[in-house]
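Engineer: This is the structure I have questions about; it appears just below.
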Ligand SMILES: [Zn+2]
């Protein structure tokens, strides 16, 4: 059996999956303190309790925002968690006395959907999270591709492709750059447009921009399936309006990449974290 943990800005979610992917235990706790040592203790304690209740020798996988820098071993870009800029992997492994696998939460999302979700059976999967921010993950044959720097799939911080004159150069992003995809395709970005244009026109623009952003992914990765999660994934326009627009930008006459809605919802992060280890 496998323990999966989803580390968020305000809480920790824990799940135990059996070999068939069924949930044996699920729990969530909020951080009583955001101080690193206390938050580290809480994380270790939640894992130990889950192991005690479900399986003494469970593997442990953790999904969280940002990434662990392969060179320094420090957590990076996980600004809203208590673990940013800390050697979390090393410290947690010392406490648990076992190896712990880490992945970005968008990668965990993609892994979960590739293993037993909306992209089940697809060999190459691109998982796109369209929520408060825009994240992405790449899974090939049920393995996360994390990359040299641990940032593979971070399409949210590349510029919106094929910008119009009106869009150029785009709003300033939290990362400091101009015109990032996140500034056009996050939930807050859509809501800004809705307030100015109305819901229908905002969603039509959103679909057009998403088609461009996905076309770039298809031109580079050509995934078998694109699976969409996050708050924006509830909009049907993503699955009806975007596919016919791909033809304008994809370097193929008849692009047919399936674009599907995630099935595990908010649970995909914690499930995917458990799936960082084989069943
Ligand atoms: Zn950015």
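Engineer: Give the number of residues within region 201-233 that are assigned to a helix (DSSP H, G or I) and at pLDDT 95 or above.
Structural biologist: Summing the residues that are assigned to a helix (DSSP H, G or I) and at pLDDT 95 or above in region 201-233 gives 23.
Engineer: Sort out which residues of region 104-141 are closer than 26 Å to residue 73 by Cβ, in contact (Cβ under 8 Å) with a residue 60 or more places away in the chain and not in a strand (DSSP E or B), and write them in order of number.
Structural biologist: 105, 107, 108, 109, 110, 111, 112
Engineer: Of all residues being away from the ligand (no atom under 16 Å from the Cβ) and crowded, with 17+ Cβ neighbours inside 10 Å in region 126-151, which is nearest to residue 187 (Cα to Cα)? Just the residue, please.
Structural biologist: Filtering first and then ranking leaves 127.
Engineer: When the residues of region 1-41 are narrowed to those that are more than 23 Å from the chain's Cα centre (by Cα) and assigned to a helix (DSSP H, G or I), which ends up farthest from residue 80 (Cα to Cα)?
Structural biologist: 41
Quick grid of which residues meet (1) under 20 Å from the mean Cα position of the chain (by Cα); (2) within 13 Å of the ligand (Cβ to nearest atom):
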site: 162; (1), (2): no, no
site: 166; (1), (2): no, no
site: 185; (1), (2): yes, yes
site: 196; (1), (2): no, no
site: 200; (1), (2): no, no
site: 206; (1), (2): yes, no
site: 222; (1), (2): yes, no
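Engineer: Okay, moving on. What do you reckon, is residue 154 within 15 Å of the ligand (Cβ to nearest atom) and touching a strand residue (DSSP E or B) at 6+ places or on another chain (Cβ under 6 Å)?
Structural biologist: Working: within 15 Å of the ligand (Cβ to nearest atom): yes; touching a strand residue (DSSP E or B) at 6+ places or on another chain (Cβ under 6 Å): no.
Spelling it out, it is not the case that residue 154 is within 15 Å of the ligand (Cβ to nearest atom) and touching a strand residue (DSSP E or B) at 6+ places or on another chain (Cβ under 6 Å).
Engineer: Which condition does residue 216 not pass, out of (1) within 16 Å of the ligand (Cβ to nearest atom); (2) without any contact (Cβ under 8 Å) to a residue 12 or more places away in the chain; (3) closer than 18 Å to residue 242 by Cα, if it passes all the others?
Structural biologist: Answer for residue 216: the failing condition is (2).
Engineer: Across region 168-180, which residue is farthest from the ligand (Cβ to nearest atom) among those that are more than 14 Å from residue 132 (Cβ to Cβ) and in a loop (DSSP other than H, G, I, E, B)?
Structural biologist: Filtering region 168-180 for residues that are more than 14 Å from residue 132 (Cβ to Cβ) and in a loop (DSSP other than H, G, I, E, B), the one farthest from the ligand (Cβ to nearest atom) comes out as 168.
Engineer: Test residue 29 against the stated conditions and say whether it is modelled with pLDDT of 95 or more, in contact with a helix residue (DSSP H, G or I) (Cβ under 7 Å, 6 or more places away or on another chain) and surrounded by fewer than 18 Cβ atoms within 10 Å (Cβ to Cβ).
Structural biologist: Yes.
The values are calculated or read from the model by the stated rules, or taken from the named source; none is laboratory data. Just so you know, these numbers come straight off a predicted model, no measurement behind them. Methodologically, a virtual Cβ is constructed for each residue, glycine included, from the backbone with ideal geometry; neighbour enumeration extends over all protein chains shown.
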